[in-house]
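**Student:** Encoded as structure tokens, here's the structure I'll be asking about.
The values are calculated or read from the model by the stated rules, or taken from the named source; none is laboratory data. Everything quoted here is computed from the prediction, not taken from an experiment. Virtual Cβ from ideal backbone geometry, glycine too; neighbours counted across all protein chains shown.
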Amino acid sequence: MARKRGREAEQANDATVDKMDHDGDSSSDDDMDIVNVDFELFNYDPQIDFHGVKTLLRQLFDADHQLFDLSGLSDLIVEQNTIGSTCKVDDKANDAYAFLTVLNMWEHRAKTPVAQLIAYLSEKAKTNASLAAVVPELLSPAGGGKNVVGLVLADRLLNMPAEVIPPMWGMLIDEIEAAVEDKEPYEFTHYLVVSRGYHEVASSLDESERKQKKPRGGDEAQLLYFHPEDEEMRKHALAAGEYAFTKDDGSVADSKRAFQEMGVRPQGFMMLIEASRFEGAVKAIGDYVGGGGA
């Protein structure tokens, strides 16, 4: 399996990010410097990546992260070191800026972290008409006997350029293909991608403002995406939809204000993609992000 192990010096992409030049007091556009940053992909290393992955998992599951054994889940991910990638800057020993992996939900169904996720995602899927029609059955013991679902977990720091993400997805496709050839348990019938989005909500800080301001799209606010590639990948999904976090009481919207007028209420989001369409979905997000979707 050497062809999927020896990629630790490969560069994911030469992504360009903006960084403020702090030499001087001026904050005008003239003070913006362009800094080239080399992001690199690495295999998981249990001695290095546990804490970085756990931090990103906490971000991925937002208010509900406390419902899961994140330490156990992080161990599963980093021990699976020939499937998935971390994305880092400068050195393998640094914390991950982004991660991507897939777990066999049937293979690991008896392990506490995966059992928790199966129960959680099954219940959340029942709250969304699109997801309810297929996800709970697929994740049930009966459904798992006939289908094998790959649970895709991915997140990144919010200021990461989206251009670094397509190489991670492309690498995942190659690794899964190689693992299947080696008779490892990664031959899936479906992929369940767990992500998150948000709604803009009227601020509760000012009563008059709250009465005057409405979210975009009126009372039924449209789901917005933290990850632009999710919007493109959704087009290839058999089922997709959002769900409310269990631990979110709505009071944190103002503390997550991304806009001056509006608060931000995060939502869970998942997509079920048939294996036959997964590679096409990955190619589509590469085209989308590469075409200026960031």
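**Student:** Can you pull out every residue in the stretch 82-91 that is in contact (Cβ under 8 Å) with a residue 60 or more places away in the chain, polar (S, T, N, Q) and crowded, with 18+ Cβ neighbours inside 10 Å?
**Tutor:** Across the stretch 82-91, the qualifying residue is only SER85.
**Student:** Oh, and also: Based on this model, can you work out whether LEU60 counts as among the hydrophobic types (A, V, I, L, M, F, W, C), in contact with a helix residue (DSSP H, G or I) (Cβ under 6 Å, 6 or more places away or on another chain) and under 17 Å from VAL193 (Cα atoms)?
**Tutor:** In short, no.
**Student:** To continue, here is another question. Does at least one position in the stretch 66-81 carry a residue that is buried (at least 19 other Cβ atoms within 10 Å of the Cβ), touching a strand residue (DSSP E or B) at 6+ places or on another chain (Cβ under 6 Å) and either of a type in the set (Val, Ile, Thr) or under 30 Å from VAL37 (Cβ atoms) (or both)?
**Tutor:** Scanning the stretch 66-81, I find at least one residue that is buried (at least 19 other Cβ atoms within 10 Å of the Cβ), touching a strand residue (DSSP E or B) at 6+ places or on another chain (Cβ under 6 Å) and either of a type in the set (Val, Ile, Thr) or under 30 Å from VAL37 (Cβ atoms) (or both), so the answer is yes.
**Student:** Here's another thing I want to ask about it. In the set GLY241, GLY268, GLY197, GLY263, which member is assigned to a strand (DSSP E or B), surrounded by 17 or more Cβ atoms within 10 Å (Cβ to Cβ) and modelled with pLDDT under 90?
**Tutor:** GLY263
**Student:** Quick one: how many residues across the stretch 218-238 are over 23 Å from LEU158 (Cβ atoms) and either modelled with pLDDT under 95 or in a helix (DSSP H, G or I) (or both)?
**Tutor:** Looking only at that region, the number is 5.
**Student:** Name every residue in the stretch 58-116 that is out of contact with any Asp or Glu (no Cβ under 7 Å at 6 or more places or on another chain), assigned to a helix (DSSP H, G or I) and of a type in the set (S, T, N, Q), in order of residue number.
**Tutor:** GLN66, SER71, SER74
**Student:** Since ASP206 meets every condition but one in (1) among the acidic types (Asp, Glu); (2) surrounded by 15 or more Cβ atoms within 10 Å (Cβ to Cβ); (3) over 21 Å from the mean Cα position of the chain (by Cα); (4) at pLDDT below 95, which condition does it not meet?
**Tutor:** Going through the list (1) among the acidic types (Asp, Glu); (2) surrounded by 15 or more Cβ atoms within 10 Å (Cβ to Cβ); (3) over 21 Å from the mean Cα position of the chain (by Cα); (4) at pLDDT below 95, ASP206 breaks only (2).
**Student:** Could I ask something else about it? Would you confirm, using the coordinates I've provided, whether ALA142 is closer than 30 Å to GLU40 by Cβ, small (Gly, Ala, Ser), surrounded by fewer than 17 Cβ atoms within 10 Å (Cβ to Cβ) and modelled with pLDDT under 95?
**Tutor:** Considered against the rule, which asks whether it is closer than 30 Å to GLU40 by Cβ, small (Gly, Ala, Ser), surrounded by fewer than 17 Cβ atoms within 10 Å (Cβ to Cβ) and modelled with pLDDT under 95, ALA142 comes out as no.
**Student:** If you don't mind, another one. Mind telling me which of the residues VAL53, VAL102 ends up being touching a residue at least 12 places away in the same chain (Cβ under 8 Å), more than 16 Å from HIS190 (Cα to Cα), among the hydrophobic types (A, V, I, L, M, F, W, C) and in contact with a helix residue (DSSP H, G or I) (Cβ under 7 Å, 6 or more places away or on another chain)?
**Tutor:** Selected residue: VAL53, the only one of VAL53, VAL102 that is touching a residue at least 12 places away in the same chain (Cβ under 8 Å), more than 16 Å from HIS190 (Cα to Cα), among the hydrophobic types (A, V, I, L, M, F, W, C) and in contact with a helix residue (DSSP H, G or I) (Cβ under 7 Å, 6 or more places away or on another chain).
The rows are residues; the columns are (1) of a type in the set (Val, Ile, Thr); (2) free of Cβ contacts under 8 Å to residues at least 60 places away in the same chain; (3) part of a loop (DSSP other than H, G, I, E, B).
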{"residue": "SER122", "(1), (2), (3)": "no, yes, no"}
{"residue": "THR127", "(1), (2), (3)": "yes, no, yes"}
{"residue": "LEU131", "(1), (2), (3)": "no, no, no"}
{"residue": "LEU138", "(1), (2), (3)": "no, no, no"}
{"residue": "GLY143", "(1), (2), (3)": "no, yes, no"}
{"residue": "ALA154", "(1), (2), (3)": "no, no, no"}
{"residue": "LEU158", "(1), (2), (3)": "no, no, yes"}
{"residue": "ILE165", "(1), (2), (3)": "yes, no, no"}
{"residue": "MET168", "(1), (2), (3)": "no, no, no"}
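**Student:** Just to be sure before I move on: is VAL135 within 16 Å of HIS190 (Cβ to Cβ) and surrounded by 16 or more Cβ atoms within 10 Å (Cβ to Cβ) in the structure I sent?
**Tutor:** So VAL135 passes the test.
**Student:** Yes or no: the stretch 92-100 includes at least one residue that is more than 30 Å from ASP287 (Cα to Cα) and surrounded by fewer than 22 Cβ atoms within 10 Å (Cβ to Cβ).
**Tutor:** The answer is yes; a qualifying residue exists.
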